[in-house]
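Trainee: The following block contains the structure, expressed as structure tokens.
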Amino acid sequence: MSSEFILSEIDGPVVIARLNRPDALNALNIPLMDQLIGLMDTWDNDPKVRCIVLTGSDKAFAAGADIKEMAEASVVDMYERNNLQRWERIKRVRKPIIAAVSGFCLGGGCELAMHCDMIVASETAQFGQPEINLGVMPGAGGTQRLSKAVGKYRAMELILTGRFFNAQEALRIGLINRVCPVETYLSESIALARQVAEKSPMAVRFAKEAILRAFETGLSDGLDYERKMFYMLFATEDQKEGMKAFIEKRKAEYKGR
């Protein structure tokens, strides 16, 4: 299943989705975002899909938002378009999303990568939130997610200067999971997705929800939520299968029920 701006393929339980605006370095315009959200909704509701890999090209994951859409916009224009609300629908995707990043990952592109649950980068990846250079600031979660990932002081420097930083620095400050050669970053992302896809879909979904809750609540409330998710998994067939397989020393066959 693909669309004009999103190319996709199914590899067993893994979907590989590729942003496809090569002439604009995959800049995130409204049609692209609408198509991405529509496909994400479809995959999120498809029981055969267990993990999503989101990527761009070797040259650019996404070089930012489409500035031409916003340059002459008024406050009313931006409010009526409600473009930033679209990002909430990506946040609500229940299945794990792995960003496979190479080349430019800037502005809205960096925010899109941070909406994902893991980030694998090539050695050529360049990250940044350079909106300050255009007289604005990140608006799709950059100030919040970058701060949560790397801390107040690094986020202040990166956002207030707008400077780019490479994959090795991104790894060192805790923004990404790993750095790979450009020849293998996508295949390693798919391999990671397959590892996740082998697990119980219910357990993966609940664990993702619990981890995300840690960034939105205090420790006590987070522990309470984790405990409830843990108990609820004992109502699933996957829990029975997983523990039975462990006792019988065989590989579990999860059904997502």
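Trainee: Assign one of three labels to the stretch 73-123, namely rounded, prolate or oblate, based on the Cα gyration tensor with a ≥ b ≥ c the square roots of its eigenvalues; rounded applies when a/c is under 1.5, prolate when it is not and a/b is larger than b/c, and oblate otherwise.
Mentor: oblate
Trainee: For the stretch 186-202, in order, what is each residue's ³J(HN,Hα) by Karplus, 6.51 cos²θ - 1.76 cosθ + 1.60 with θ = phi - 60°, in whole Hz (x at glycine and Pro)?
Mentor: Here the 3J(HN,Hα) series is 6, 5, 5, 5, 5, 4, 5, 4, 5, 4, 5, 5, 6, 7, 4, x, 5 Hz.
Trainee: Please give me, ordered by residue number, the trypsin sites (Lys or Arg not before Pro) of the stretch 30-86 that lie in loop per DSSP and have at most 15 other Cβ atoms within 10 Å.
Mentor: K48, K59
Trainee: I would also like to ask the following. Pick the calculated semi-axes √(5λ) of the Cα gyration tensor in Å for this structure from (i) 30, 21, 17; (ii) 32, 20, 19; (iii) 25, 22, 17?
Mentor: Checked against the structure: label (ii).
Trainee: Step through the table entries K148/K255; K48/K208; K95/K255, compare each Cα-Cα distance with 23 Å, and write down the pairs that go over it.
Mentor: Correct reply: K148/K255.
Trainee: Could you rank E198, E80 by how accessible they are, 1.4 Å probe, largest area first?
Mentor: Ranking E198, E80 by accessible area, largest first, yields E80, E198.
Trainee: Sequence neighbours fewer than 8 away in the same chain don't count; with that in mind, list the lysines whose C-alpha is under 21 Å from K249.
Mentor: Result set, ordered by chain and number: K199, K240.
Trainee: Continuing with the same structure: Given a 1.4 Å probe, how much area per residue of the chain is accessible, in Å²?
Mentor: 53
Trainee: Counting only C-alpha contacts under 8 Å and six or more residues apart, can you give the relative contact order of the chain as a whole percent?
Mentor: This gives 16 percent for the chain.
Trainee: Which value, in debye to the nearest 20, describes the size of the charge dipole of the stretch 62-187 about its Cα centre when Lys and Arg Cβ atoms bear +1, Asp and Glu Cβ atoms bear -1, and nothing else is charged?
Mentor: Roughly 580 debye, rounded to the nearest 20.
Trainee: Something else: First compute the accessible area of the chain with a 1.4 Å probe, then give the percent of it belonging to carbon and sulfur atoms.
Mentor: Carbon and sulfur atoms account for 56 percent of the accessible area of the chain.
The values are calculated or read from the model by the stated rules, or taken from the named source; none is laboratory data. Please read these numbers as outputs of a predicted model, since none were measured by experiment. Backbone-built Cβ (ideal geometry, glycine too); neighbour counts: all protein chains shown. These accessible areas exclude ligands, DNA and RNA; they are computed on the full protein's heavy atoms, side chains included. Shrake-Rupley method; radii C 1.70, N 1.55, O 1.52, S 1.80 Å.
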